[in-house]
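Structure first, commentary second.
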There are 4 protein chains.
Amino acid sequence: MPISITAAFDFTLDNPTDLILQFEAAAIPEQTILSTRTTLSCGEDCVRVPAHEAIGERVLVHAQGRFDVRYEALVEVNRLAPDLAGLAQLSPHELPGDPLEYLLDSTYCPADRLQSFAEDEFGGTTGGDRVLAIHDWIARHFTYEAGSSNSTTTALDSFVERRGICRDYAHVLISLARASTIPARYVSCFSPGVTPQDFHALAEVFLADDTIEGGGAWYIVDATGMAKPQDTVKIGVGRDAADVSFLTSFGPSHFGDKTVAVREVSAR
Amino acid sequence: MPISITAAFDFTLDNPTDLILQFEAAAIPEQTILSTRTTLSCGEDCVRVPAHEAIGERVLVHAQGRFDVRYEALVEVNRLAPDLAGLAQLSPHELPGDPLEYLLDSTYCPADRLQSFAEDEFGGTTGGDRVLAIHDWIARHFTYEAGSSNSTTTALDSFVERRGICRDYAHVLISLARASTIPARYVSCFSPGVTPQDFHALAEVFLADDTIEGGGAWYIVDATGMAKPQDTVKIGVGRDAADVSFLTSFGPSHFGDKTVAVREVSAR
Amino acid sequence: MPISITAAFDFTLDNPTDLILQFEAAAIPEQTILSTRTTLSCGEDCVRVPAHEAIGERVLVHAQGRFDVRYEALVEVNRLAPDLAGLAQLSPHELPGDPLEYLLDSTYCPADRLQSFAEDEFGGTTGGDRVLAIHDWIARHFTYEAGSSNSTTTALDSFVERRGICRDYAHVLISLARASTIPARYVSCFSPGVTPQDFHALAEVFLADDTIEGGGAWYIVDATGMAKPQDTVKIGVGRDAADVSFLTSFGPSHFGDKTVAVREVSAR
Amino acid sequence: MPISITAAFDFTLDNPTDLILQFEAAAIPEQTILSTRTTLSCGEDCVRVPAHEAIGERVLVHAQGRFDVRYEALVEVNRLAPDLAGLAQLSPHELPGDPLEYLLDSTYCPADRLQSFAEDEFGGTTGGDRVLAIHDWIARHFTYEAGSSNSTTTALDSFVERRGICRDYAHVLISLARASTIPARYVSCFSPGVTPQDFHALAEVFLADDTIEGGGAWYIVDATGMAKPQDTVKIGVGRDAADVSFLTSFGPSHFGDKTVAVREVSAR
């Protein structure tokens, strides 16, 4: 069933300011963009470039004053729900080059410092089983609490406080996967199951793919449990939220309103 | 004049552990590898993959017990010392796609939080002049102090304490450049001017290149003043030290000795 | 002229929870409580104990559910505005014992790490002149911005970001004073000049008192410039905000509304 | 059996610098100082003041250049090993005023952020039983590792990394006790069981004392397991290490050597 997406937000810039926006469904094989319409209030100075890993696009803007973004799309998701149980993990030296950077520490995911905990808590498991164990541990111990984190909150803060929102759940899962030598990346996305409706975030882990000789694939895992692989519309990927923020501003900006509506539609 | 490099280090791993090593001069146009020899004490399980931006190589290892690395090379550097003064900076929407990620926050360079300071302190300057102003500000206010930082020290820590070693100087310069909307990346390297001799780190900033219509280039800048562009042998680049550590260990490791000797040799 | 104070706030506790409240004008020689009325919605389990330095009182509560606090008072302030210029600072070994703890690092004021900056920026000054230099530096470089900080923001965060609210201004001034070997403490207070009206915070520094042989005294200094010594009604003092929060909760609490109104009244 | 203590350390100060030293056995009822000798290389400007809670003394010094400290003492410890099991905890409103400040956050013990974890992990227990559960949890999950922490390491860092030295073990135990609404303080001390021999640190918790109607007492608990209450010679107490450092320097200092020898002596 197609997913209908409507998103709108606005902000105000006191001075001429550079911005990076990334808020649209990515055109990638696993999801088909049936229709799309983006309205930006900037008449000039808008450029589009491929985003991280060439998944989705970044809109680069130089603007001042009030800025409005409105986005509508209809997307068919072709992705299946994988079964992570039993999937093997690949050693760094077995990995294709690309996933390697997703083993390293990043801004919000200082995974290195969680190695002792990961070994202590999940020591008997590997691969998909370990990812499931991490997922369950977060689900069991964390409280989803709007307003409990902010743009400086790292995975270590969330790990200590055991609460957060989708970005924090994703950062903790990513950090614990990396601390287990499993490449993990951050996915910004839309999904109809998210309550309250908003931009969403979850993780992808790189594990062996049984259908490919010696190969691997990225698998979606949502520590909040709200999004399912088969209804997740990806916007972009990155090492963590710093890479795929829907709004990065190189100067002061005053955020206004934001509304997001995502739902399954029974017929096109 | 060619640069002669000798580096050796060892460490011990209690358990079978995955490692990423990156410690050799990169084979890139701006420097010619005249000769090279690497000896690793691991007989098996060593794989080489291109490193970040395909600059240099990462050696992926799965090993246990005592591990020895020995590296010797002779490198001719073809790079000239640029004059940054007067070079323009490119707006994000004027940038080619690749340098864009070097505007974003990274593990050790949470640049976003330094925007107010950068505007306050360096507000009247842009481009190469701003980079020089940042360079001079660091040179004037920071103390180079071995042992004053560790692997968790961020650019914000160094900014507050006003001291550090080469990695910290580079992280602060990179953060202040990004806070000024100038792409900046971390370069691990060898240079004969480094005292005491060791692996070295400095920054590169992306600024307009007058010789290319609408184009730009990466320019070396060393906040410590010890390395010169024309004698710097690059090992690798990344967003910060997390991307180009000479040793990343996915498990406990006990570091042993390290010796580095870099010198200009008058004749081949 | 007397100061009239009205303050009211409420919160809800899901479970039986221990609380520490400190929100009333302190009965100390420098301010006379003309009238006071406190209404707490807890019928039982309320105990009062002297607060830090026996300045003001803490109300200890064990409660559950909705909790309302209402406070009204009329206070005459007998304090004069001091002239800090030229006041000497006392070496630690010249200090009476009590101010000594206000030289040490505390939760929100890790002053030790700012020693280099303090010496670098304010090196030519001591005592009251240094405090004034610190005050002016903050006034010149910081932006007062509601919502820019939260309960985990330290003086180092504020120092880096150069913005905050009254608590942050106080924490930075306190930290820079301690880094200059001048005892400094945090004062929670009411003042009619605070916009928007709310609980306020400022700093006190311990400097030589010319009227006392070999002695010293605490002097008010407000980095935000909103409160004056002669209209400041002290609630309590401590090393930093952690010691004199108006509400400390040993369990989850949901904060409701808060209103504060402080004004000079022309006649009693 | 008396405890014999010898401690010596030295450091060098480039400029005239203020120092606070606290390194001698405290003269308190629970331990008898049989003999003591302190030699400081400062001829002038040494002042002694009572330390935190009037337990032990701080030596205040203004000095420059090389500074030597030598201390010898023989101390009889009169303290018994308490049995914490079953001891009740006192609600904040039942506490005498003094222990109250040991419920609040401090520099190295941001306990507030560990409330969810403490409730999640130790929820079924209270009082002495909870302290024992915290002690056992640390003993089970932490690795004692010299060099794994430094002077900026907080209890949250140690909690994440699950390793540290005595100060870190004490900070984590203190933070988890406070997060459980049990007053906890930091004790610097000497003990013969410490390996390698050095200044030591442990925690004290305030719990009900069955021998006093409505009263409470401080009980020693050492998360490292190395010191026993009956052989611990207290130097001082505080909220955390920031309050009872053996050396606090208000300016750059270069630490030299340190030797500590503590042993039980069979006869005086």
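In a DSSP loop and with at most 15 other Cβ atoms within 10 Å, the GluC sites (Glu not before Pro) in the stretch A:169-268 are A:E213. Using a 1.4 Å probe on the protein chains only, how many percent of the accessible area of the protein assembly as shown belongs to carbon and sulfur? It is 48 percent, rounded to a whole number.
This model, with +1 at the C-beta of Lys and Arg and -1 at the C-beta of Asp and Glu, gives the stretch B:109-163 a dipole about its Cα centre of some 120 debye.
Our summary of shape: the Cα atoms of chain C have principal axis extents of 56, 40, 34 Å, ordered from largest down, in whole angstrom. Using C-alpha pairs under 8 Å with a sequence gap of at least 6, the mean separation divided by the residue count of chain C gives a relative contact order of 30 percent.
Averaged per residue, the stretch D:92-243 has 30 square angstrom of accessible surface, using a 1.4 angstrom probe with ligands and nucleic acids left out. For the rotational copy relationship between C and A, the axis lies nearest to a chain C beta carbon, identified with its distance in whole angstrom as C:N150, 3. The residue list A:T143, A:P110, A:A227 was ranked by how far each Cα lies along the charge dipole of the stretch A:92-243 toward its positive end, using unit charges on Cβ atoms, and A:T143 comes out on top. Placing unit charges on each Cβ (+1 for Lys and Arg, -1 for Asp and Glu) gives the stretch D:12-169 a dipole about its Cα centre, and among D:L80, D:N15, D:I28 the Cα reaching farthest toward its positive end belongs to D:N15.
Once you reduce the stretch A:120-183 and the stretch B:202-268 to the center of their Cα atoms, the two points are 34 Å from each other. The candidates C:D98, C:D168, A:D112, arranged from most to least accessible area with a 1.4 Å probe in the full protein assembly, appear as C:D98, A:D112, C:D168. Using protein chains only (no ligands, no nucleic acids) and a 1.4 Å probe, work out which residues of the stretch A:158-180 have their accessible area cut by at least 20 Å² relative to the chain alone. Output list: A:F159, A:V160, A:E161, A:R162.
P(r) for the stretch D:169-236, from all Cα pairs and a bin width of 5 Å, is 4, 18, 26, 23, 16, 9, 3, 1, 0 %, short bins first. Around the Cα centre of the stretch A:92-243, unit charges on the Cβ atoms of Lys, Arg, Asp and Glu (plus for the first two, minus for the last two) sum to a dipole of about 380 debye. In the elastic network of chain A, a GNM with C-alpha springs shorter than 10 Å, the most mobile of A:S253, A:S175, A:S151 is A:S151.
Projecting the Cα atoms of D:A179, D:V265, D:V160 onto the dipole axis of the stretch D:140-268, where Lys and Arg carry +1 and Asp and Glu carry -1 at the beta carbon, places D:V265 farthest toward the positive end.
With its label point put 7 Å out from Cα toward Cβ, D:T259 sits 3.1, 7.1, 7.8 nm from the same residue's point in the other copies, in order from shortest. The value of relative contact order for the stretch A:92-243, using C-alpha pairs under 8 Å at least six residues apart, is 26 percent. Normalised by 2.2 N^0.38 Å, where N is the number of residues, the C-alpha radius of gyration of the stretch D:92-243 stands at 0.97. Rounded to the nearest 20 debye, the dipole magnitude of the protein assembly as shown is 0 debye, with +1 charges on Lys and Arg beta carbons, -1 on Asp and Glu beta carbons, and the Cα centre as origin. Residues of the stretch A:219-254 whose accessible area (probe 1.4 Å, heavy atoms of protein chains only) drops by at least 30 Å² once all protein chains are present, relative to their chain alone: A:R239, A:A242, A:D243, A:F250. Dividing the Cα radius of gyration of the protein assembly as shown by 2.2 N^0.38 Å, with N the residue count, gives 0.96. Under the combined filter of DSSP loop state and at most 10 neighbouring Cβ atoms within 10 Å, the stretch C:40-116 retains these GluC sites (Glu not before Pro): C:E44. When the residues D:F159, A:F250 are ordered by accessible surface, computed with a 1.4 Å probe over the protein chains alone, the sequence from largest down reads A:F250, D:F159. Only helices enter this figure: runs of n ≥ 4 DSSP H residues, each worth -39500 (n - 2.57), summed and divided by the residues of chain B, yield -5000 deg cm²/dmol at 222 nm to the nearest 500. Summing charges over all other residues whose Cβ lies under 14 Å from the Cβ of A:F122, with Lys and Arg as +1 and Asp and Glu as -1, gives -1.
The Cβ shell under 10 Å around A:K234 holds other residues with a net charge of -1, Lys and Arg each +1, Asp and Glu each -1.
Normalised by the number of residues in the stretch B:8-89, the mean separation of alpha-carbon contacts (under 8 Å, six or more apart) gives a relative contact order of 44 percent.
Across identical copies of the chain, C:G193 has label-point separations of 5.1, 5.7, 5.8 nm, listed in ascending order, with the point defined 7 angstrom from Cα along Cα→Cβ. What separates the B:E213 label point from its copies, with the point 7 Å along Cα to Cβ, is 4.9, 8.8, 9.8 nm, written shortest first.
The values are calculated or read from the model by the stated rules, or taken from the named source; none is laboratory data. Source: prediction; values computed, not measured. Note: ideal-geometry Cβ built from the backbone for every residue, glycine included; neighbour counts use all protein chains shown. Just so you know, the surface numbers come from the protein's heavy atoms only, side chains and all, with ligands and any DNA or RNA stripped out. Shrake-Rupley method; radii C 1.70, N 1.55, O 1.52, S 1.80 Å.
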